[in-house]
Amino acid sequence: MVGQASGGRKHRRRDFHIVLGLLLLSLITINLPFEAQREIGNALRESVLRPFIEVQLMVARTRARARDYLTVRAQLDSALTFVASAATLAEENRQIRDLLDLHERSPSRLVAASVIRSGTSGSSSVFRLDAGAGDGIRSFDAVVTAQGLLGQVQEVGPGSSMGYDWSHPDFRVSAMIVTNEGQAHGLVEAERGQFREQDRLVLRGTAFLSDLEPGARVLTSGRGGVFPRGILIGWVGEVAGASAGWDISYYIDPAVYPGAATYASVHVVMPADTLQAVANTADSVAVADAFR
Amino acid sequence: MNVREATVVAGLIVAHLLLRIGFGLQNAAPDLMLLALLLASRSLSLGGGALVGFCLGLLEDAFSMLSFGASVFALTLVGTMGAQVRHMFVGRSIFFQSTYFFLAKWVRDLLAWLVSNPDSRDVFVDHVLIESPVAALYVAAAGLSVRYLFLKDSARE
């Protein structure tokens, strides 16, 4: 009996130490550097959770295929009309750039992907895309929809990637607003609402005397080199606040509501070696044309 | 823990991941992961309950970019408490079991909220006093269903 009692005490003490150790470990997990947390999450997603992610991608693709054919057809027709009308503008633009002796812009392409939300706690503002490194996607590429800017890619896997939308607290984008008096610049970031549906964008750091008209278009300025220039972020709303006569902040009506986005495109900037390959191809085509 | 209980616990974990991640049902599916932990921890030692909670929390946090570790901490504590409750209460009634599931879910959400990143967490009243009790009722209903559908004999023991 005495032996059993001391054995029980020993077990309880061991259990107590295990619990204490695990609690300490969980607190360490919370305070780990972001990179380490990312590594752990990535390792779990690529191992234990892999089958569930495959199911998620499969379900997303099946849902995408089941969309109304006529809607997709109508969207395709609209896109073709736009492309046809844009061809003339592109040619005019090329001629004007030639006249002004301007360099070609860095070519970029759009990679289409389905936006998938994972339903676990703490994953709000985060989405998965069913396209990854194999499609040329890299970390920090911009994610856009037909309406405007949705968010940014953060982690890239071989066939899928993870990113966050503009409602994430770490989201920032340099913005410009073209007005009659010129351009106003600032930094757009998310501001939490009382409910997640009330999250909104705020343009901070614009000059105090810049008087922006409500409804003016807010575009990415391309400063910082992360987001390409000219993507629609939203429209200027009411004044959010001013700081001691130095700058003024405005609420922005977002162009894209994150919850409504089911499809998006990733703005992939072609890397330098690809650019060289394109240039070589262009040269060889030019030489071939000259021979003809 | 007997084979049937272990099978039900494993099934609940797989169902949770399948419903919430695979089919993207989010909160439309009850928190079956927590339910699995509560059922498992009732038959495990304190250390065992904490360890299962820790591992399940890591799985839950694998998709978290806002507050990594919050679920790990919350589920480790809930797993410990689940194992400890067995020594304090021996309850078989529907009232006891539904209260047990309800309180566990509410405490889990409260703990996760407390250690979450203050910049990203929801407002206390909305999250802990409105959303969480509703989710806790859902878990309690699911827990009772699982208990009486799959673990009827274990509930009588």
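See the values below:
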{"quantity": "Qualifying residue in segment A:63-86 (condition: closer than 23 Å to residue B:21 by Cα, within 14 Å of chain B (Cβ to nearest Cβ) and assigned to a helix (DSSP H, G or I))", "calculated": "yes"}
{"quantity": "Residue B:54 vs. criteria facing another protein chain (nearest Cβ under 7 Å) and assigned to a helix (DSSP H, G or I)", "calculated": "yes"}
{"quantity": "Helices (runs of 4 or more DSSP H) contained entirely in segment B:58-157, each with at least 2 residues that are under 30 Å from residue A:117 (Cβ atoms) and in contact (Cβ under 8 Å) with a residue 60 or more places away in the chain", "calculated": "B:94-115, B:132-150"}
{"quantity": "Cβ pairs under 9 Å, 6+ apart, first in segment B:29-46 and within 15 Å of residue B:98 (Cβ to Cβ), second at pLDDT 90 or above and of a type in the set (Lys, Arg)", "calculated": "B:30/B:105; B:31/B:105; B:31/B:108; B:34/B:105; B:34/B:108; B:35/B:105; B:38/B:105"}
{"quantity": "Pairs with Cβ under 6 Å, 6+ apart, first in segment B:3-24 and closer than 15 Å to residue B:35 by Cα, second of a type in the set (Val, Ile, Thr) and buried (at least 18 other Cβ atoms within 10 Å of the Cβ)", "calculated": "B:20/A:120"}
{"quantity": "Hey, residue A:131 part of a loop (DSSP other than H, G, I, E, B) and touching a strand residue (DSSP E or B) at 6+ places or on another chain (Cβ under 9 Å) or not", "calculated": "yes"}
{"quantity": "Residue in segment B:84-102 that is of a type in the set (S, T, N, Q) and touching a Ser or Thr at 6+ places or on another chain (Cβ under 8 Å) present", "calculated": "no"}
{"quantity": "Single residue of segment A:165-190 satisfying the filter (more than 14 Å from chain B (Cβ to nearest Cβ) and among the small types (Gly, Ala, Ser)) that is surrounded by the fewest Cβ atoms within 10 Å (Cβ to Cβ)", "calculated": "A:182"}
{"quantity": "Matching residues in segment A:213-262 - criterion: being crowded, with 17+ Cβ neighbours inside 10 Å and of a type in the set (S, T, N, Q)", "calculated": "A:220, A:221, A:249"}
{"quantity": "Residue, nearest to residue B:70 (Cα to Cα), within segment B:38-51, restricted to residues that are away from chain A (no Cβ under 13 Å) and not basic (Lys, Arg)", "calculated": "B:38"}
{"quantity": "Set B:123, B:85, B:107: member being more than 13 Å from residue B:31 (Cβ to Cβ) and more than 13 Å from chain A (Cβ to nearest Cβ)", "calculated": "B:85"}
{"quantity": "Residue within segment A:43-54 that is within 17 Å of residue B:22 (Cβ to Cβ), in a helix (DSSP H, G or I) and more than 9 Å from every other protein chain (Cβ to nearest Cβ) present", "calculated": "yes"}
{"quantity": "Residues located in segment A:96-108, provided they are at pLDDT 80 or above and either surrounded by 10 or more Cβ atoms within 10 Å (Cβ to Cβ) or not in a helix (DSSP H, G or I) (or both)", "calculated": "A:96, A:97"}
{"quantity": "Condition met for residue B:26 (over 24 Å from residue A:8 (Cα atoms), modelled with pLDDT under 90 and within 14 Å of chain A (Cβ to nearest Cβ))", "calculated": "yes"}
{"quantity": "Qualifying residue in segment B:140-156 (condition: within 14 Å of chain A (Cβ to nearest Cβ) and surrounded by fewer than 19 Cβ atoms within 10 Å (Cβ to Cβ))", "calculated": "no"}
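Results for (1) within 9 Å of chain B (Cβ to nearest Cβ); (2) among the small types (Gly, Ala, Ser), shown as yes or no for each residue.
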residue: A:111; (1), (2): no, no
residue: A:130; (1), (2): no, no
residue: A:155; (1), (2): yes, no
residue: A:160; (1), (2): no, yes
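The values are calculated or read from the model by the stated rules, or taken from the named source; none is laboratory data. If you're wondering where the values come from, they're calculated on a predicted model, not measured in any experiment. Virtual Cβ from ideal backbone geometry, glycine too; neighbours counted across all protein chains shown.
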